[in-house]
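I have placed the structure first, in the form of structure tokens, so that the comments after it can refer back to it.
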Amino acid sequence: SEAALAAFDAVICQVQEKGISADELEQLKVKWRSDYYATLESGRGNYLPKYGLMHLLACFTLFDDEPQLVNTILEGFLAVTPGQVHSVAKKYLRNEKRAIVFRIPAKTGSPAGVKEAA
């Protein structure tokens, strides 16, 4: 856990100090766009096709009262610049502003609430 946290901190520190390159950001945008379209097309098996689209429409309607965001929200994400990433990293990705949860597996043995036969 500590090694993973140290590796995470090193990457965040580098972004805070140097930012990211336009090429790195472009790769992220390609991945984001791909994931977004995959979400729109995703379903819940044959019984609920286009679940992702329905879910996003419901969320945009409920929280923003703008279901049409499903067609335009991607543009905002794709308009992000390397300078904006650098600025946000410096302002918000600070150690004193974070909460860390270390998930530690339960001890092996009998499941909780199950008594072993004597």
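The values are calculated or read from the model by the stated rules, or taken from the named source; none is laboratory data. This one's a predicted model, so the numbers in the text were calculated from it and none came from an experiment. Note: ideal-geometry Cβ built from the backbone for every residue, glycine included; neighbour counts use all protein chains shown. Side chains included, ligands, DNA and RNA excluded: accessible areas come from the protein's heavy atoms. Shrake-Rupley method; radii C 1.70, N 1.55, O 1.52, S 1.80 Å.
Brief remarks on what is shown
- Across the stretch 51-77, the number of residues qualifying as surrounded by fewer than 14 Cβ atoms within 10 Å (Cβ to Cβ) and not aromatic (Phe, Trp, Tyr) comes to 11.
- Residue in the stretch 4-21 that is free of Cβ contacts under 8 Å to residues at least 60 places away in the same chain, among the aromatic types (Phe, Trp, Tyr) and within 30 Å of PRO105 (Cα to Cα) present: yes
- Among residues of the stretch 45-82, those that are at pLDDT below 95 and not in a helix (DSSP H, G or I), counted: 6
- Pairs with Cβ under 6 Å, 6+ apart, first in the stretch 35-63 and under 13 Å from ILE73 (Cα atoms), second open to solvent by 60 Å² or more (accessible area, probe 1.4 Å): PHE60/GLU66
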